Structures are given as structure tokens and as C-alpha cells.
Amino acid sequence: MIALLTDFGTDDPFVGIVKGVIYSVGKNVEIIDITHNIDAFNVLKGAFYLSASYKYFPKETVFMCVVDPGVGSSRLPIACKYKDFFFVGPMNGIFDMVFEETPYCVDISNHPYVLKPVSSTFHGRDIFAPASAWIHKLRSIDFLGPSIKYQYSLNIPKPTFKDGIIEGVILFYDRFGNAITNVKCTEIKYALIEGKKIDYFEYFSKAPKNYPGITCGSFGYMEFFINQGSFKDFISAKDFKIII
């Protein structure tokens, strides 16, 4: 299985072309779309969604992940083996939240199956897609290039705790306008943001309609929400406090 996560969207032919390249190597491969609607260039959101998703896939799944504002630059295209999975994409932080331990990675800049000429704006087609297809076929990354040391790139803000108060930040919003934070799920009393007290609710619909709340989200992190509304439209601040 090959799982795709990109910021390509679905208006342009990019996703279809990538799938065409993969199927050209092996027609029997199963391709799953995790999402192609990561906000353009938002590597952190891509990293978060990948870390929240990959563990639910079968062993030996190949994850091709392309949120790549540095495409064509000196950032390396890589393939990595981590635990029971394979990961293909740019070394720009997209894998940082998955790799809790040191992965085994190779530089795939000049792998044997690169589509030439290589476009400086579409490595998803010319480098990552054929590499992913051949990894799926051969269950290895060694044939793609020399081994390299993985370098972490994201500066992910960490929450602080003092005197019964957790200080955190909103990382991004999902399509419902829910605010995904950097605070892992924990028992709390309430939250404070922009001077507003936000009550804790066990689930979304337990709050009155159009009422703000905070809850433990499915990703394992605290989320601000408005029942049947958008927290993104309610608040502009990123910093908040949680009272436990």
C-alpha cells in the first residue's frame, strides 16, 4: 500500500499524475489518499497529520508525503525506514513528529528510477512517486541511494507547566474551525484565551449550540471548538492557558 499526503489540492492534475507514475511501475498497488488539502506550504500541519495517521496503516505501507516549499533547492529528497513503515519525501520536517527515534534514511536525489528531465518544481512526480512505487515493489530503500543522517527541522513549540497552569499555543485549525493545540490530552478545569474563560466539555455536542469549549480531540491533543460553529472565527489569539 502507498499512502499519499500532500498540499497539492484537487483542482490541478498533480495528484492524478503522481498516481499515474506509481501505476506505471506496478498496476496492482493500492493507493490511499490521506489528504491532499494540507494548507499550502504548511509543513507543521502536514507533519502533525502524518503523525496522527500513519500508525493506523498496515505494516510496510509506503508514505509519500509532499508539503515542499523548498522544492528545487538544496533540501534533500529522502526515503526512510522507520519501525515497520517506509517514508518518502523532502527532508524539511514533514517526518519530524513521526521519527521519535533515529530512522534509517537514504538520499534519493539521483535514484535509478528518477524521471528525466527532473523538473525543479515537481519532485513529487519525478523523484518521490517512482521511488515510492519501487520501494513498494522491492520492500527496501537501500537501492535508491547512499545512507544519510536524518536532520530534524521543525521548531515545534512545547507547552510549559507551572503552579497548576499549562501554557500552550494553537498550532493550526482543521476544516471545521477547531483549534488544534500543542497540549496533549489531560484532565483540566477550564482554559483562558484572550481573557475569555473556555469551559471543558467531554465532546462537541455536550456544549450548547454556538458555544465555545475545549475538549480532548481524536489526535490526542486538546482542541478548542464551537459546537456547530468555527473557533477560528471566534478568536485571533494563539496563546492560551489551561487550569488543571
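The values are calculated or read from the model by the stated rules, or taken from the named source; none is laboratory data. All of these numbers come straight from a predicted model, not from anything done at the bench. Glycine also receives a Cβ, built like all others from the backbone with ideal geometry; neighbour counts cover every protein chain displayed.
When the residues of the stretch 188-207 are narrowed to those that are of a type in the set (D, E, K, R) and over 14 Å from Ile165 (Cβ atoms), which ends up surrounded by the most Cβ atoms within 10 Å (Cβ to Cβ)? The qualifying residue surrounded by the most Cβ atoms within 10 Å (Cβ to Cβ) is Asp199.
Can you name the residue in the stretch 151-193 that is polar (S, T, N, Q) and assigned to a loop (DSSP other than H, G, I, E, B) and is also nearest to Ile94 (Cα to Cα) among such residues? Looking at residues that are polar (S, T, N, Q) and assigned to a loop (DSSP other than H, G, I, E, B), I get Ser153. Of all residue pairs spaced 6 or more apart or on separate chains, none has beta-carbon atoms under 7 Å together with a first member in the stretch 122-147 that is buried (at least 19 other Cβ atoms within 10 Å of the Cβ) and a second member that is among the polar types (S, T, N, Q) and assigned to a helix (DSSP H, G or I).
Based on this model, can you work out whether Phe99 counts as within 17 Å of the chain's Cα centre (by Cα) and in the same structural domain as Ala47 (by TED's automatic domain parsing)? Spelling it out, Phe99 is indeed within 17 Å of the chain's Cα centre (by Cα) and in the same structural domain as Ala47 (by TED's automatic domain parsing). One residue stands out among those in the stretch 148-169 that are in contact (Cβ under 8 Å) with a residue 40 or more places away in the chain and closer than 22 Å to Pro103 by Cα: the one that is surrounded by the fewest Cβ atoms within 10 Å (Cβ to Cβ), which is Lys149. Residues of the stretch 2-46 that are in a loop (DSSP other than H, G, I, E, B) and either closer than 13 Å to Val88 by Cβ or modelled with pLDDT under 95 (or both): Gly26, Lys27, Asn28. A search for C-beta distances below 6 Å between a residue of the stretch 86-106 that is in contact (Cβ under 8 Å) with a residue 24 or more places away in the chain and closer than 12 Å to Phe63 by Cβ and any residue that is crowded, with 24+ Cβ neighbours inside 10 Å and hydroxyl-bearing (Ser, Thr, Tyr), counting only pairs 6+ apart in sequence or on different chains, returns Val88/Ser132.
Considering the stretch 47-121, the qualifying strands (runs of 3 or more DSSP E), each wholly inside and each with 1 or more residues that are surrounded by fewer than 23 Cβ atoms within 10 Å (Cβ to Cβ) and either among the small types (Gly, Ala, Ser) or in contact with a strand residue (DSSP E or B) (Cβ under 7 Å, 6 or more places away or on another chain) (or both), run over 77-82, 85-90, 104-107. So which residues in the stretch 208-244 are surrounded by 15 or more Cβ atoms within 10 Å (Cβ to Cβ) and part of a helix (DSSP H, G or I), if there are any at all? Selection gives Phe231, Lys232. Can Lys27 be described as assigned by TED's automatic domain parsing to the domain that holds Val88 and within 20 Å of the chain's Cα centre (by Cα)? No. Within the stretch 108-119, can one find any residue that is in the same structural domain as Asp39 (by TED's automatic domain parsing), touching a residue at least 60 places away in the same chain (Cβ under 8 Å) and over 19 Å from the mean Cα position of the chain (by Cα)? There is at least one residue in the stretch 108-119 that is in the same structural domain as Asp39 (by TED's automatic domain parsing), touching a residue at least 60 places away in the same chain (Cβ under 8 Å) and over 19 Å from the mean Cα position of the chain (by Cα).
In the stretch 136-150 there is at least one residue that is aromatic (Phe, Trp, Tyr), under 27 Å from Lys27 (Cβ atoms) and in a helix (DSSP H, G or I).
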